[in-house]
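The values are calculated or read from the model by the stated rules, or taken from the named source; none is laboratory data. Keep in mind that what you see is a predicted model, and the values were worked out from it rather than measured. Note that each Cβ is placed from the backbone with ideal geometry, even for glycine, and that neighbours are counted across all protein chains shown. Only protein heavy atoms, including side chains, enter the accessible area calculation; ligands, DNA and RNA are left aside. Shrake-Rupley method; radii C 1.70, N 1.55, O 1.52, S 1.80 Å.
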Amino acid sequence: MVDGEQTFELLRFADAVQCVAVEVKCAEPLRMGEERYYAAEIVLASDFVNGRVGLQVSLRDLDEWERCLLALQAGEGAQWPTGGRSAWLEVVPEDPVELTVHDSPSTQIAVHVPIDVAADWLEQNRLRLDAVRRAVATSS
């Protein structure tokens with residue numbers, strides 16, 4: 001948990017110098033029909049640039065992130081969330097892992113960040129996904 005307000009990290013890629021994370025507020029979703037959307041932010045922090053960009057995360061997006069983790073484990077790249085409705089990430093599992101944060105369709109700015117991740121980065125991101133799923137299940 002990031003803070004006492006039910007904000008959890010869904011994903012985190014970090015080294016000693018820079019970090020890209022997605023923080024999800026798991027309380028009080030926005031309901032649109034049957035779908036629930038949770039306020040979230042992509043957070044980028046480095047010695048060179050720092051920024052936050054907002055997005056909405058649905059339960060479908062959580063399932064999509066799980067599929068992305070499987071693709072990354074297989075050595076394939078991933079883009080999350082898809083659909084062009086908000087900011088998104090592109091992840092390339094090279095050495096170092098390459099992340100690009102896209103603020104689209106808003107400003108059209110993209111920031112590329114190479115990160116020397118720890119060896120257990122996939123497992124840690126799976127654990128974060130499980131924690132967010134548990135948190136949103138209790139908020140419904």
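Computed values, structure above
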read-out	value
Residue, surrounded by the fewest Cβ atoms within 10 Å (Cβ to Cβ), within the stretch 62-97, restricted to residues that are under 14 Å from the mean Cα position of the chain (by Cα) and of a type in the set (Asp, Glu)	Asp63
All positions within the stretch 45-61 that are open to solvent by 30 Å² or more (accessible area, probe 1.4 Å) and in a loop (DSSP other than H, G, I, E, B)	Asp47, Phe48, Val49
Verdict on Arg126 being within 30 Å of Ala27 (Cα to Cα) and not in a strand (DSSP E or B)	yes
Number of the condition not met by Asp130 [criteria: (1) closer than 21 Å to Asp63 by Cα; (2) in contact with a strand residue (DSSP E or B) (Cβ under 9 Å, 6 or more places away or on another chain)]	(2)
Extreme residue, modelled with the lowest pLDDT, among residues of the stretch 29-44 that are open to solvent by less than 40 Å² (accessible area, probe 1.4 Å) and not charged (D, E, K, R)	Pro29
Search result, residues across the stretch 1-28 that are open to solvent by 50 Å² or more (accessible area, probe 1.4 Å), of a type in the set (Val, Ile, Thr) and either touching a residue at least 24 places away in the same chain (Cβ under 8 Å) or part of a strand (DSSP E or B) (or both)	Val17
Out of Val132, Val136, sole residue that is at pLDDT below 95 and in a helix (DSSP H, G or I)	Val136
